[in-house]
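All of the numbers you see were taken from the coordinates with simple rules; none came from a lab. Here the structure is a predicted model, which is why all the values come from computation and not from measurement. Positions of Cβ are backbone-derived with ideal geometry, glycine not excepted, and every protein chain shown enters the neighbour counts.
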Protein chains: 2
Amino acid sequence: MSEEKDAVDAITAQWFAVRPELDTAPMAVFGRIYRIAKAMGDAMEERYQRFGISRGEFDVVATLRRSGAPYTLSPRQLSATLMLTTGGMTGRLDKLEKAGLLCRKPDPHDRRGLQVTITDRGLELVDEAVTAGLEVQRAALTGLSDEEVAQLTGLLRKLLAGI
Amino acid sequence: MSEEKDAVDAITAQWFAVRPELDTAPMAVFGRIYRIAKAMGDAMEERYQRFGISRGEFDVVATLRRSGAPYTLSPRQLSATLMLTTGGMTGRLDKLEKAGLLCRKPDPHDRRGLQVTITDRGLELVDEAVTAGLEVQRAALTGLSDEEVAQLTGLLRKLLAGI
DNA sequence: CATAAGTAGCTTAGCGGTAAGCTATTTATC
DNA sequence: GATAAATAGCTTACCGCTAAGCTACTTATG
């Protein structure tokens with residue numbers, strides 16, 4: 001029934017030893033969220049590396065892919081979606097364009113703007129990469145039943161909504 | 001009963017539209033975990049800024065604080081605990097020492113090593129900062145009942161254990 | 001005891017991000 | 001229609017991290 005103690009339990013226990021009046025319940029939640037995010041982020045980074053792209057670069061082509069045909073968005077739309085500054089976006093687009101996974105074309109309706117589109121090669125790569133990435137995530141969830149995953153999803157949605 | 005749709009729901013719906021055969025359940029979990037980690041990380045960063053330190057620097061003095069008297073650890077122990085390279089640790093210690101929140105002394109038992117200790121000022125600051133940080137986290141959890149927080153903690157512990 | 005291997009902490013180069021500032025272009029206002 | 005304000009994307013300076021290499025010192029091995 002009871003779960004194993006983990007590193008976060010050890011940290012909350014340490015805090016209780018030196019500051020027993022603190023309510024450590026929040027750090028039991030967020031401490032684990034930070035650790036899961038970091039560990040999974042590293043794992044995803046490693047997996048995408050096999051496709052020659054970083055996790056951030058994957059996010060760009062994946063955003064274009066899931067936007068549907070004609071797989072075209074502006075740098076502005078991409079940087080807004082990915083919560084990235086335009087400077088950061090420029091760098092990612094430079095790399096992906098150089099790798100032949102997408103191309104930048106002038107926006108015919110706004111001469112300030114660009115249209116970013118996935119190439120055929122980019123489309124093929126992102127379709128493989130998203131499948132591979134989901135497999136890594138799915139494997140990380142094997143310890144939980146389908147019902148627990150659904151429960152966790154609901155609690156996380158509720159938590160995220162309140163932030 | 002049913003929760004509001006959020007940005008992650010929109011993303012999974014987009015994927016379903018273009019790749020209906022994908023099982024998007026994992027990204028419903030990890031997508032939210034990434035977003036919560038980022039949003040809370042930013043919020044904590046902002047809160048600690050009021051104490052003149054970054055989140056990473058807080059983690060250093062907090063680790064020393066919760067280690068208990070005499071609040072002394074080696075740079076090696078700190079970088080291992082914080083999952084940081086020694087190079088990164090050097091930088092954080094430089095800043096904190098310069099700010100007068102900790103001091104480095106030679107390890108009397110090992111002339112390669114150092115002993116890092118919180119100063120009185122550092123101790124005072126970290127005790128205020130940890131309280132303030134917990135308050136930010138507690139506020140983020142107000143949408144969840146105590147039972148839900150406990151449930152979420154258990155599910156996250158289980159998930160983290162399997163990664 | 002000599003020496004090889006391992007360890008502690010620091011330095012440097014490089015990477016990917018932000019913030020701020022730039023030019024070119026579009027939109028709103030008079 | 002002139003002009004002020006807003007917007008798109010890029011560039012630059014900087015920041016914090018990692019990876020790799022360094023010196024100083026300690027531990028293990030013959």
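Residue by residue, here is whether (1) of a type outside the set (A, V, I, L, M, F, W, C); (2) within 11 Å of DNA strand C (Cβ to nearest atom) holds:
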position: B:L93; (1), (2): no, yes
position: B:K98; (1), (2): yes, no
position: B:A139; (1), (2): no, no
position: B:E147; (1), (2): yes, no
position: B:Q151; (1), (2): yes, no
position: B:K158; (1), (2): yes, no
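Inclusion of B:G87 among residues that are more than 16 Å from B:V61 (Cα to Cα) and under 20 Å from the mean Cα position of the chain (by Cα) is warranted. In the range B:85-106, is there at least one residue being in contact (Cβ under 8 Å) with a residue 60 or more places away in the chain and either polar (S, T, N, Q) or facing chain A (nearest Cβ under 8 Å) (or both)? Within the range B:85-106, not a single residue is in contact (Cβ under 8 Å) with a residue 60 or more places away in the chain and either polar (S, T, N, Q) or facing chain A (nearest Cβ under 8 Å) (or both).
For the range B:45-54, the criterion of a residue being outside any helix (DSSP H, G or I), exposed (fewer than 15 other Cβ atoms within 10 Å of the Cβ) and among the basic types (K, R) is satisfied by at least one position. Among the residues of the range A:1-11, just one is assigned to a loop (DSSP other than H, G, I, E, B) and within 26 Å of the chain's Cα centre (by Cα), namely A:D6. For the range A:12-40, the tally of residues that are more than 7 Å from chain B (Cβ to nearest Cβ) and assigned to a helix (DSSP H, G or I) stands at 5.
So, in the range B:95-120, exactly how many residues are among the aliphatic types (A, V, I, L, M) and part of a loop (DSSP other than H, G, I, E, B)? Steps first, please.
We begin by selecting, within the range B:95-120, every residue among the aliphatic types (A, V, I, L, M); these are B:96, B:99, B:101-102, B:114, B:116, B:118.
Within this subset, residues satisfying the condition of being part of a loop (DSSP other than H, G, I, E, B) are B:99, B:101.
Of the residues in that region, 2 qualify.
A search for C-beta distances below 8 Å between a residue of the range A:112-125 that is closer than 12 Å to A:A99 by Cα and more than 16 Å from DNA strand C (Cβ to nearest atom) and any residue that is assigned to a helix (DSSP H, G or I) and not aromatic (F, W, Y), counting only pairs 6+ apart in sequence or on different chains, returns A:I118/A:V61; A:I118/A:L64; A:I118/A:R65; A:I118/A:V126; A:G122/A:V61; A:G122/A:L64; A:G122/A:L96; A:L125/A:V61.
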